[in-house]
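To start, the structure itself, in C-alpha cells.
Bear in mind that the values in this text are calculations on the coordinates, not laboratory data. All of these numbers come straight from a predicted model, not from anything done at the bench. Here the Cβ positions follow ideal geometry from the backbone for every residue, glycine too, while neighbour counts run over all protein chains shown.
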Amino acid sequence: MVIRHIRRIKNKFASIVRSIFRKKKDVKIGLYGPVNSGKTTLANKICMDWLGEELGKASSIPHETREVMVKEKVTVRDNGKSLTFNLVDTPGIATKIDFEDFLKFGMKRKDAKQRAKEATRGVIESIKWLDSMDMVLVVLDSTKSPINQVNITILGNLDARNIPVLIVSNKIDVKRSDTTRIRNAFHGYDVIGVSAKNGDMMNEMYKMLLKKI
C-alpha cells in the first residue's frame, strides 16, 4: 500500500516535470564542472552530432572557456522521442585562480594576469546562470579523484536549487579512467561514462538525457 502510494507520487511528480518542459519555450541545459574536465569538448560533440557545427574552442590550457557560451535550438532525438533545448557551456568552476599557473604553459606575465581576471569573472558568471538552468550535465574527469571541494560545491548548489542532474564521467578513452569511482563517490546521482573526444557512449548519454526529462 505504502509502495503504491509512493509510486503514485513519483509518477505525478514526473508528469508535472514533463508538462513544465513541454510548455517552456527555451529549455536550458548547462554543462558545469571543474576546469579541464572536457565541458567544451562535450559541447562541441553534442553540437556536431545534431547541428553539424562546434560551439567553442577547447584547449589543454586551463580556463580556455572564460565566458558562458550558448548554442540555441539543439534537438536530440532517439527512438521517436526528441528534445529541443539551448545548450549552455560554462567556464570551469575553481576555488582558486592563480595567474602563475598560466605561466607554466608559456604565457607572458601580462597575458597570464589578464586570463586569471577573465577566468574569475567567468566563474562568477557560471554561478549566476545556475538559476536559469532546467537541467545540468556535471562533467567530471574520470581520470581524477571525484571527491574535492569544487565537485561537492557544484552538486550542493544544484541540489539546493532542485535542478535535475546527470553526471558525465568524461575521458573514458584514457587508460586510468575510472567511472566506478565516480558512481561510488556520488550515490543517488545518475552517472554515464563517455569519451567526448572520441564519441564513445554518446548515444547512451542522449538516451539518458531524454529519459531524465
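Some values worked out for this structure:
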{"read-out": "Longest DSSP-loop-exposure-free segment, chymotrypsin sites (Phe, Trp or Tyr not before Pro), the chain, at most 16 other Cβ within 10 Å", "value": "1-104"}
{"read-out": "23 Å Cα cut-off, lysine pairs counted over segment 114-213 (separation 8 or more, or different chains)", "value": "10"}
{"read-out": "Kirkwood estimate for the chain, i.e. one over the average of 1/r between Cα atoms, Å", "value": "18.1 Å"}
{"read-out": "Antiparallel bridge percentage (DSSP; both residues within the chain; nearest 5)", "value": "30 percent"}
{"read-out": "Length-normalised contact order of segment 25-212 in % [C-alpha pairs under 8 Å, at least 6 apart]", "value": "24 percent"}
{"read-out": "Per-residue [θ]222 nm for the chain (sum of -39500 (n - 2.57) over DSSP H runs n ≥ 4, rounded to 500)", "value": "-13000 deg cm²/dmol"}
{"read-out": "Net charge over other residues, Cβ less than 10 angstrom from the Cβ of residue 76 (K, R count +1; D, E count -1)", "value": "+1"}
{"read-out": "Segment 70-123 versus segment 150-188: alpha-carbon centroid distance in Å", "value": "18 Å"}
